[in-house]
1. Working carefully through the options 299, 337, find the one that is surrounded by 24 or more Cβ atoms within 10 Å (Cβ to Cβ), under 29 Å from residue 229 (Cα atoms), modelled with pLDDT of 90 or more and of a type in the set (A, V, I, L, M, F, W, C).
2. Quick check: anything in the range 163-182 more than 28 Å from residue 390 (Cα to Cα) and over 21 Å from the mean Cα position of the chain (by Cα)?
3. Based on this model, can you work out whether residue 307 counts as at pLDDT 90 or above and assigned to a loop (DSSP other than H, G, I, E, B)?
4. Exactly one of (1) in contact (Cβ under 8 Å) with a residue 12 or more places away in the chain; (2) under 24 Å from residue 150 (Cβ atoms); (3) of a type outside the set (Gly, Ala, Ser) is unmet by residue 190. Its number?
5. Being aliphatic (A, V, I, L, M), in a helix (DSSP H, G or I), assigned by TED's automatic domain parsing to the domain that holds residue 234 and modelled with pLDDT of 85 or more narrows it down to one residue among 389, 370; which is it?
6. Quick test of your reading of the structure: residue 284 fulfils all but one of (1) out of contact with any Lys or Arg (no Cβ under 9 Å at 6 or more places or on another chain); (2) not in a helix (DSSP H, G or I). Name the failing condition by number.
7. Is it the case that the range 125-134 has a residue that's in contact with a helix residue (DSSP H, G or I) (Cβ under 8 Å, 6 or more places away or on another chain), outside any helix (DSSP H, G or I) and of a type in the set (Ser, Thr, Tyr)?
8. State whether the residues of the range 329-343 include one that is of a type in the set (Val, Ile, Thr) and more than 24 Å from residue 283 (Cβ to Cβ).
Amino acid sequence: MVSLRIISLFLASYLVAGAFAAGGSGVAGSACSKQTDCCACDVNAGQQLTCKGLVGADGRHDGPLSSAIKALGISLIARGPSGRAPVHEAIAAHSSALKAVGRLIPHANDDPNNYDEISAAIMCLFLSEKYFPTSSSAATVHARGIGELIQLRPPQFYASGTPHKLFVGFRPILILHAFDTRKSTFLAAPEWKIEPFRSVVQDPLQTLLSEACAIPAILETLDRCGDKNGLVACQAVTQFVEAINRLDRWHKSVNMAVGDFTPLPEMSAAGTNFEFPNITVANSLSHYWAFWIICATQIKRLAAQHPATSEDRLLIDGERPESEVVTQKVLQFSSSILASTGYLMREDMKLYGTASAFFPLHIARSALEIFGGSDEAIGGELRKNAEIIHQRGFDDVLSRIGTTLLS
């Protein structure tokens, strides 16, 4: 059986140390130095709740948060073909954590610490499902639970303290989950974009998410009404074009506000790899490229199905969607994401760096296969990228590559 000490050391190596690295390497003069990325925020908040061991808010070693951290740790150790923990142990730990969370939920309002502990525990279980799925629907169930739990409090509740740290950690993962499931999210409502950040300056990733979080609702409408409905398709095209314009305005704005917000190409025999000033820049740009690719691909697809759509509604950067210019930009952004993989999956970026790469990678590899699958150079890019992923020990990510977001 995997000991708690091994799990604790593993998480310290792959999560907590990474969180401190992100928090200490922010973009100078910006909020990036104050906030960390993706799951690193959850780790910081969870660390405050657990102090320096696998201890829950109630001081017990078998509370919801400690059990959920154990489940996450074992799932990380067990994942992949060379996993160092038995599969049955990962499943048992997850089941035990679910029961611990269930026992505390009726007492969520008895003590503010209970609410924080339940929130952090469910997020650990969500991450555990992402890395070591126990069923096809479990991650969605956890995401729904987190969303409902968050909405038990008004948006302003998350403006400071541990609730704010938890919120900024939950937010990227919940919004990306909305993309993956093609479902709208309550986080797109104006009050949820404004109130939790009223007292702080949002970092670039959070402001990007504020611009992108309306996109899943467009996909949901298309799924519900069908692509064949000309009026719905026309409205969707307009909304995707508006989304691209918002994303591009974000990119221009952040470039003006933050002096050093560009990737640094490094040429080698293996091809072009990007270096970045820090993880916030890498994370923000790779997701900007991914969101842009999704919108442009959807516009191209809908325009081909509905050729009568007004040209004014269709223009992407002043170009028709079927133009070679637009296709080349999709391929360029996809290649940029692949060139970022080595940086995000670097050893010193810890687990959260790798976690940050998954969503953009799914989009980029799918786009390259759709628009450049027969091109020998693009095929070479994909193979080199697959080798980087293999070297980092995440081969199972390649087996799960594939997205409905471009169809």
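1. On the way: 337 fails: under 29 Å from residue 229 (Cα atoms).
On inspection, the qualifying residue turns out to be 299.
2. No, there is no match, as no residue in the range 163-182 is more than 28 Å from residue 390 (Cα to Cα) and over 21 Å from the mean Cα position of the chain (by Cα).
3. Details: at pLDDT 90 or above: no; assigned to a loop (DSSP other than H, G, I, E, B): yes.
Considered against the rule, which asks whether it is at pLDDT 90 or above and assigned to a loop (DSSP other than H, G, I, E, B), residue 307 comes out as no.
4. Just one mismatch for residue 190, condition (1).
5. Details: 389 fails: modelled with pLDDT of 85 or more.
After applying the criteria, what remains is 370.
6. The one condition residue 284 does not meet is (2).
7. Of the residues in the range 125-134, the ones in contact with a helix residue (DSSP H, G or I) (Cβ under 8 Å, 6 or more places away or on another chain) are 125-134.
Checking the rest, the ones that are also outside any helix (DSSP H, G or I) come to 132-134.
With the extra rule that they be of a type in the set (Ser, Thr, Tyr), the set shrinks to 134.
The answer is yes, given that some residue of the range 125-134 is in contact with a helix residue (DSSP H, G or I) (Cβ under 8 Å, 6 or more places away or on another chain), outside any helix (DSSP H, G or I) and of a type in the set (Ser, Thr, Tyr).
8. Initially, the range 329-343 is screened for residues of a type in the set (Val, Ile, Thr), giving 330, 337, 341.
Still in the list and also more than 24 Å from residue 283 (Cβ to Cβ): none.
No, because not a single residue in the range 329-343 is of a type in the set (Val, Ile, Thr) and more than 24 Å from residue 283 (Cβ to Cβ).
The values are calculated or read from the model by the stated rules, or taken from the named source; none is laboratory data. Not measured: the values here are computed from a predicted model. Heads up, the Cβs are rebuilt from the backbone with ideal geometry, glycines too, and the neighbour counts pull from every protein chain shown.
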